[in-house]
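**Student:** Starting off with a structure, shown below.
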């Protein structure tokens, strides 16, 4: 009986991963997701928070460590540690106080892309932050999980939530 249960569970896992692989292979490798939020802080302040990558672990709990790496072609490069994962970010566009674009490369795997932060004033003491991710997930199973279960805008929403909390002084 125990052997039957084990074989059944292994069979179900095999089918699950097969279905995820098929679904993921039907999705494009690259996706674009955008989220916008009104932030209760001036544009130049929010720009400064995003520009100073080294300070992010103090207000973005998922980022546990930031390491400055040598510049690449005059561009700022950092390694961000997020639990067991790490990402190398390269600032490819810096237009104070309205725009920061960073290229992201996952040290261990399936994700690469860019985050484009566009900041514009939205009344006195406030701004609008539009964050656009152009992401590529090469492996079909993680691509399917991201698309169908997590959401391609999941990390954008999380980051905007952290910016909101920082603006509120929390």
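**Student:** For the range 90-129, what are the residues that are assigned to a strand (DSSP E or B), surrounded by fewer than 17 Cβ atoms within 10 Å (Cβ to Cβ) and touching a residue at least 60 places away in the same chain (Cβ under 8 Å)?
**Tutor:** If the condition is that a residue be assigned to a strand (DSSP E or B), surrounded by fewer than 17 Cβ atoms within 10 Å (Cβ to Cβ) and touching a residue at least 60 places away in the same chain (Cβ under 8 Å), then 120, 121, 128 are the ones that fit.
**Student:** Which residue, of 105, 144, is at pLDDT below 95 and under 11 Å from the mean Cα position of the chain (by Cα)?
**Tutor:** Within the list 105, 144, the selection yields 105.
**Student:** Test residue 157 against the stated conditions and say whether it is modelled with pLDDT of 95 or more and under 20 Å from residue 37 (Cβ atoms).
**Tutor:** So residue 157 fits the description; yes.
**Student:** Within the range 17-58, how many residues are under 22 Å from residue 114 (Cβ atoms) and part of a loop (DSSP other than H, G, I, E, B)?
**Tutor:** Adding up the residues that qualify gives 4.
**Student:** If I go through the range 59-70 residue by residue, how many of them are surrounded by 13 or more Cβ atoms within 10 Å (Cβ to Cβ) and either out of contact with any strand residue (DSSP E or B) (no Cβ under 8 Å at 6 or more places or on another chain) or assigned to a loop (DSSP other than H, G, I, E, B) (or both)?
**Tutor:** 5
**Student:** Here's another thing I want to ask about it. Take the range 147-170 and flag every residue that is more than 11 Å from the chain's Cα centre (by Cα), assigned to a helix (DSSP H, G or I) and in contact (Cβ under 8 Å) with a residue 40 or more places away in the chain.
**Tutor:** 147, 148, 162, 163, 164, 165, 166, 167
**Student:** Among the residues of the range 48-57, are any more than 18 Å from residue 131 (Cβ to Cβ), surrounded by 15 or more Cβ atoms within 10 Å (Cβ to Cβ) and at pLDDT below 95?
**Tutor:** The answer is no; no qualifying residue exists.
**Student:** May I pose another question? Which residues, counting only those in the range 71-83, are free of Cβ contacts under 8 Å to residues at least 24 places away in the same chain and either under 15 Å from the mean Cα position of the chain (by Cα) or not in a strand (DSSP E or B) (or both)?
**Tutor:** 73, 74, 81, 82, 83 - these are the residues of the range 71-83 that are free of Cβ contacts under 8 Å to residues at least 24 places away in the same chain and either under 15 Å from the mean Cα position of the chain (by Cα) or not in a strand (DSSP E or B) (or both).
The values are calculated or read from the model by the stated rules, or taken from the named source; none is laboratory data. What you are looking at is a predicted structure, and each value in this text was computed from that prediction instead of being measured. Backbone-built Cβ (ideal geometry, glycine too); neighbour counts: all protein chains shown.
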